[in-house]
Amino acid sequence: MDIPHGHTLSFLDAMRLSGPVAFNVMVKPVGSLCNLDCAYCYYLDKSGIYGGETALMSDEVLEKVISESIRSNESEEITFEWHGGEPLAAGLDFFRKALALQERYADGRKVNNTLQTNGTLITPRWAAFLKENDFLVGISIDGPADLHDRFRKDKGGRPSFDKVMAGIMCLHRSGVRFNTMTTVNRASEGRGKEVYSFLKSVGSRYMQFMPVVEHIRVPDEDGARPCIAGPREEGAYLAPWSVSAAGFGQFMCDIFDVWVRNDVGEYFVNLFDATLANWCGVSPGICVYCDVCGGNPVIEHNGDVYPCDHFVYKDYRLGNVSNQSLADMVRSQSRFGFEKHGSLPEKCLNCRYFGLCHGECPKHRFEHTLDGQPGLNTLCEGYMMFYQHTAQYFLKMRHLLEQSLPPSMIMSDL
């Protein structure tokens with residue numbers, strides 16, 4: 001099979017790291033503060049880095065974030081990804097200030113805004129604001145009520161599904177563009193087709209599926225939520241909500257079987273888009289399926305900068321926008337970016353599907369190969385299942401593209 005891969009970086013990724021500084025910045029205006037208490041959330045514990053502080057980003061830090069992000073970015077189009085915790089907890093006035101600052105510092109360049117939210121705080125007023133200012137909104141929803149509410153409860157242990165659906169209805173009424181972020185966890189296994197059908201029914205045409213595999217340790221305080229831990233941390237064990245490799249692979253295969261026969265070109269799934277892109281030898285647009293990391297720095301509520309949302313740890317802190325150049329900090333993380341490729345075992349580098357997954361996200365690489373090499377992705381079996389199951393179809397879609405025909409034409413053959 002003609003899959004672009006090997007022991008060296010792809011040309012596109014090498015150019016990205018050595019060329020002009022271009023990145024999307026993920027901003028955490030309230031840090032890890034959130035009105036929900038999702039069992040599998042890897043970010044709620046981050047407040048511990050700041051002594052439990054969950055303060056709103058100050059006006060001074062906000063201005064520095066906006067000005068530095070635009071000044072340091074050499075792209076003609078700049079995207080701010082507002083994330084959390086729950087970013088809507090920052091309030092409307094905060095975002096009005098952010099937009100005013102973007103206009104002040106844009107210097108003729110196009111500025112885009114995306115916002116990832118649990119949806120429970122969306123009101124008609126919020127929806128009107130998001131529509132007026134052309135925000136692309138990501139809604140976190142795991143599927144039908146029983147599946148969503150399994151792990152996504154509020155601080156009082158109450159289900160959140162009905163509030164999320166009310167938020168989605170507000171977006172629909174105001175005509176706000178939105179996509180969905182859906183975790184694939186232990187409870188999701190065997191329900192791929194059902195979840196896909198549900199997401200279509202609520203109006204999602206762009207779907208992101210995120211496998212959940214975490215380790216936890218017993219908290220120091222009685223009654224506290226389990227703490228997310230590194231897999232090799234003393235006392236750490238696999239969280240009960242973690243999806244199995246085979247379960248994740250089958251979940252995505254089941255969705256693909258429906259999509260490839262009915263929905264190509266109408267509904268879009270992040271893994272499918274990235275896989276087709278890598279089959280065609282072009283950038284997949286999603287960091288986990290690229291050769292290297294490093295294009296999505298995170299800025300915490302106090303201005304601290306980290307290389308990635310999943311690596312907000314003291315050892316990975318790059319600096320602070322209040323007293324350092326964001327461009328310099330982004331350049332300084334090249335070693336972090338290259339490490340994604342350089343830390344892979346030989347099994348990955350010699351795999352026929354390496355050019356499709358590139359080892360996926362480093363946060364999932366805590367297994368050993370049969371000959372004892374570290375760094376194997378714990379979801380390897382699931383990705384292998386998916387790539388084997390879908391290869392013939394993606395090859396047909398690639399062939400259609402080579403003839404300047406839309407991939408959706410594959411449906412007429414099936």
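When the residues of the stretch 54-82 are filtered to those that are touching a residue at least 40 places away in the same chain (Cβ under 8 Å) and open to solvent by 50 Å² or more (accessible area, probe 1.4 Å), which remaining residue is nearest to Ser188 (Cα to Cα)?
Step by step, filter the stretch 54-82, then rank; the result is Thr54.
The conditions are (1) charged (D, E, K, R); (2) within 29 Å of Ile228 (Cα to Cα); (3) surrounded by fewer than 17 Cβ atoms within 10 Å (Cβ to Cβ), and Asp291 fails exactly one of them. Which is it?
Single failed check for Asp291: (3).
Could you grab the pairs with beta carbons closer than 6 Å, sequence gap of 6+ or different chains, first residue in the stretch 248-260 and among the aromatic types (Phe, Trp, Tyr), second one outside any helix (DSSP H, G or I)?
Once the first residue is among the aromatic types (Phe, Trp, Tyr) and sits in the stretch 248-260, its partners that are outside any helix (DSSP H, G or I) give Phe248/Val184; Phe248/Pro211; Phe248/Leu379; Phe251/Val184.
Would you tally the residues in the stretch 374-400 being touching a residue at least 40 places away in the same chain (Cβ under 8 Å) and either part of a helix (DSSP H, G or I) or in contact with a Pro (Cβ under 7 Å, 6 or more places away or on another chain) (or both)?
Count: 17.
Go through Glu214, Glu189 for me and flag whichever is buried (at least 18 other Cβ atoms within 10 Å of the Cβ), of a type in the set (Asp, Glu) and within 22 Å of Glu360 (Cα to Cα).
Every option except Glu214 fails the conditions.
With the structure loaded, tell me whether Ser325 is open to solvent by 40 Å² or more (accessible area, probe 1.4 Å), over 17 Å from Asp291 (Cα atoms) and among the hydroxyl-bearing types (Ser, Thr, Tyr) or whether it fails that test.
In short, no.
Could you say which residue among Arg125, Arg109, Arg173, Arg152 is surrounded by 19 or more Cβ atoms within 10 Å (Cβ to Cβ), touching a residue at least 24 places away in the same chain (Cβ under 8 Å) and among the charged types (D, E, K, R)?
Step by step, each of Arg125, Arg109, Arg173, Arg152 is checked, and only Arg152 is surrounded by 19 or more Cβ atoms within 10 Å (Cβ to Cβ), touching a residue at least 24 places away in the same chain (Cβ under 8 Å) and among the charged types (D, E, K, R).
Being β-branched (Val, Ile, Thr), over 15 Å from the mean Cα position of the chain (by Cα) and outside any helix (DSSP H, G or I) is the filter here; which residues of the stretch 264-291 pass it?
Val264, Val282
The values are calculated or read from the model by the stated rules, or taken from the named source; none is laboratory data. Nothing here was measured: the structure is a model prediction, and the numbers come from that model. All Cβ positions, glycine included, derive from the backbone under ideal geometry; neighbour counts span all protein chains shown. Ligands, DNA and RNA are stripped out before the accessible areas are found, and what is left, the full protein with its side chains, is counted by its heavy atoms. Shrake-Rupley method; radii C 1.70, N 1.55, O 1.52, S 1.80 Å.
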